[in-house]
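Below: the structure, in structure tokens.
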């Protein structure tokens, strides 16, 4: 709660998340010249985690990279752990616990929060 002239105004934690998300988007626009959507951000994280930048990825590889990104993001909260890296360099994850039931908006915010944390922890951008 924030006190303003004898009035209490409840703080909305989503406001902070939204501001941090806009800040991240601004940095991505500055870096890449356009605002990426959620899939593009997951793709970038997947490439970072995979560690091999290729000129072309197949549609299936792009989906796999986004899956790697989601698993990597949620590993920080104990939902997944890296199980192995195969001979082609692809990370494989094991799910440790079920994701909580969330509405679509809660899922998006949960994902956004993990993406922001990922960029902060890895000092990217």
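None of the figures in this text is laboratory data; all of them are computed from the coordinates on show. Remember, predicted model here, so these are calculated numbers, not experimental data. All Cβ positions, glycine included, derive from the backbone under ideal geometry; neighbour counts span all protein chains shown.
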Likely footprinting exposure, 41, 105, 124, 47, fewest C-beta neighbours within 10 Å first: 105, 124, 47, 41
Nearest-0.05 FRET efficiency for residue 99 and residue 16, computed from C-beta distance (R0 22 Å): 0.45
C-alpha center-to-center spacing [the stretch 17-36, the stretch 66-83] in angstrom: 22
Cα-projected label distance for residue 85 with residue 56, points at 7 Å along beta-carbon direction, nm: 2.6
Pairs of alpha carbons in the stretch 36-121 whose separation is greater than 17 Å (percent): 48
The stretch 11-59: radius of gyration over Cα atoms, expressed as a fraction of 2.2 N^0.38 Å: 1.42
